Amino acid sequence: MIESLLDILKRNAKESPETMAQMLGVTPTEVSEAITRLEKEGIIRGWQAIINDDLLPKEYVTAVIEVRVTPEREGGFNRIAERVSKFEEVEAAYLMSGAYDLLLFVSGKNLMAIARFVSEKLSTINGIISTATHFKLKTYKQNTVLMAPTDEDPRLVVSP
């Protein structure tokens, strides 16, 4: 039930316990208790709205930054990742496999704010070898939600 409950919450965290219970074939009390337990265990870390930034009047920029790091003897990538994650500009940070080690999602007022973050804060940290910055131009889908849903009916047209 937990995986199904989490799937429902990912699609719509505002769904009522009664509706979720009906979907899962359990009682609303069981749903509420499961959510409380998931929060206490740290599996559910918070509740947020999915915002279409492209429609906001506020102007700011989002960048994805690939970071190569020299792992530390005792802590691997953890100490640097934890330090980088504390910067207010960093919205998300992930340890990755492949050509780079950390993937950061960063926001700022403009391109120069992101450039200053990279040059003055990020690249000055001991252990960071290199960065590659990519700027977000438009969001099509975020957290499974389409940002520009079409008015088209997805069903096939049946004509007589």
| query | At 222 nm, what helix-only mean residue ellipticity would the chain give, in deg cm²/dmol to the nearest 500, using -39500 (n - 2.57) for each DSSP H run of four or more? | reply | -8000 deg cm²/dmol
| field | Virtual spin-label span in nm between Ala49 and Thr19, 7 Å along Cα→Cβ | value | 1.7 nm
| field | Of Val31, Val145, Val69, the one that fluctuates the most in a GNM where the chain has Cα springs shorter than 10 Å | value | Val31
| request: Rounded to whole Hz and in sequence order, give me ³J(HN,Hα) for region 97-106 from the Karplus expression 6.51 cos²θ - 1.76 cosθ + 1.60, θ = phi - 60°, writing x for Gly and Pro. | output: 9, x, 6, 10, 9, 10, 10, 10, 10, 10
| query | What is the Cα coordinate range of the chain on the first, second and third principal axes, sorted by size from largest, in whole angstrom? | reply | 59, 47, 31
| lysines with Cα under 22 Å of Lys86, excluding same-chain neighbours fewer than 8 positions away | Lys109, Lys121, Lys136
| query | Around Phe77, which amide H atoms from residues at least 5 apart in sequence, or from another chain, sit under 5 Å from its own amide H, with H modelled in the peptide plane? | reply | Glu72
| message | Can you tell me which of Leu102, Leu111, Leu24 moves the most in a GNM of the chain? Springs connect C-alpha atoms under 10 Å apart. | response | Leu24
| message | From the protein chains alone at 1.4 Å, what is the descending order of accessible area for Ser119, Ser107, largest first? | response | Ser119, Ser107
| Solvent exposure of region 46-143 as accessible area per residue, Å², 1.4 Å probe | 69 Å²
| Placed amide H near Met147: partners under 5 Å, 5+ positions off or other chain | Lys141, Gln142
| query | For region 50-140, what % of the accessible area comes from carbon and sulfur atoms, probe 1.4 Å? | reply | 54 percent
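The values are calculated or read from the model by the stated rules, or taken from the named source; none is laboratory data. These numbers come from a predicted model, not from an experiment. Here the Cβ is made from the backbone with ideal geometry for all residues, glycine too, and neighbour counts use every protein chain on show. Heads up: the accessible areas ignore ligands, DNA and RNA and are worked out on the full protein's heavy atoms, side chains in. Shrake-Rupley method; radii C 1.70, N 1.55, O 1.52, S 1.80 Å.
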